[in-house]
Amino acid sequence: MTGVIFDVKRYAVHDGPGIRTTVFLKGCPLRCWWCHNPESLKKSVQDITRTVKLDGKTFDVKEKIGREVSVEELMTEVLRDSMFYEESGGGVTFSGGEPFMQPDFLAAATKACHDQGLHVAVDTSGFVAHEHLVKVIDNVDLFLYDIKHLNDEKHRNYTGVSNKQVLDNLAFILEKGKRVIIRYPVIPGLNDESSQLKALEMLLEVYRGRLNELHLLPYHNIARGKYERFDLPFKMDGTASLSKADLEPLKERFIKLGVEVKIGG
Ligand code: SF4
């Protein structure tokens, strides 16, 4: 069984508890306006040409984005840091892109980690076919679950897909008793209006006692250059990055609901 990944980040500390290895799978069915990983969108390995300037001269550098790996090769990589996982309560996080875009590889890789006794987290948009979720869920200890907009029409507009499946899958995962951390990217002008924040409060109320953790992710525009490199339109022109301090009032608002809130991943 092989899959296509575009990065493996060792010693990650923002993608779940403890020290982790985060594996980034290629492919995503969404097209979020603010996506900071445009290199993740296509499922296949890509060849791109990057222009670099050095000593006043311009060079074209060819670059390969992504590589095919087998589950066994991946396990060799992630098991190098077993000692750190054990010491810190860490483990392995599968991210993307949308990791469920490669459901069989994700199922095999999460099972291999689970069989090794590693803590497994999956960072997902929730836009996942139910049968794919069922294949993987028993191997997962923690879902880092994106909520991007609770108004379906706006969700479609900003991400290209409906949020119905996202919300149905959230209900299913919580029913199965899995730990879920909601990740909410705060995007100025797109999903920070008061009706939207109220809707997020209501979602947390509905799942009170089962959904206790919220991560607020401040928008940043550092990926702008990548859009040029991948010849993709950048829709966030004119939107300034947010700082952690900008999100403190929001944090206070959600803490009042009895939810544990963190700014950043
Ligand atoms: S779900 Fe994530 S990877 Fe996919 S387009 Fe949205 S932000 Fe990018």
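The values are calculated or read from the model by the stated rules, or taken from the named source; none is laboratory data. Computed from a predicted structure; not experimentally measured. FYI the Cβ positions are ideal-geometry reconstructions off the backbone, even for glycines, and counts take in every protein chain you see. In case anyone asks, the SASA skips ligands and DNA or RNA and just uses the protein heavy atoms, side chains included. Shrake-Rupley method; radii C 1.70, N 1.55, O 1.52, S 1.80 Å.
How many Å³ per residue does the convex hull of the Cα positions in the chain occupy? Spread over its residues, the Cα hull of the chain gives 145 Å³ apiece.
A helix-only calculation puts the chain at -9000 deg cm²/dmol for mean residue ellipticity at 222 nm, using -39500 (n - 2.57) for each DSSP H run of at least four residues, averaged over all residues. Surface composition of the chain: carbon plus sulfur atoms contribute 51% of the solvent-accessible area (1.4 Å probe, protein chains only, all chains present).
Secondary structure note: in the chain, about 40% of the DSSP beta bridges are antiparallel. The stretch 162-223 to the stretch 119-143: how many Å between their Cα centroids? What the calculation gives is 16 Å, centre to centre. Ligands, DNA and RNA aside, L203 has an accessible area near 20 Å² when probed at 1.4 Å. Amide H to amide H distances under 5 Å link Y219 with V186, L242, where only residues 5 or more positions off or on other chains count and H is placed in the peptide plane.
Relative to the current alpha-carbon distance between R67 and Y207, full extension at 0.36 nm per residue lengthens the span by 46.5 nm. Which value, in Å² rounded to 10, gives the accessible area of E131 with a 1.4 Å probe and all protein chains present? For E131, solvent-accessible area is about 120 Å². Taking all protein chains together, D231, D60 sort by accessible area into D231, D60, largest first [probe 1.4 Å]. What you get for the stretch 2-263, charging only the Cβ of Lys and Arg (+1) and of Asp and Glu (-1), is a dipole of about 460 debye around the Cα centre.
Can you flag which of K235/K256; K62/K111; K154/K235; K42/K178; K198/K251 are past 25 Å Cα-Cα? Violating the 25 Å Cα-Cα cut-off are K235/K256; K62/K111; K42/K178. Are there any trypsin sites (Lys or Arg not before Pro) in the stretch 59-161 that are in a DSSP loop and have at most 12 other Cβ atoms within 10 Å? List them by number. Here the sparse-neighbourhood loop sites are R80.
Would you mind working out the accessible area per residue for the chain, using a 1.4 Å probe, and quoting it in Å²?
Each residue of the chain exposes 48 Å² on average to a 1.4 Å probe.
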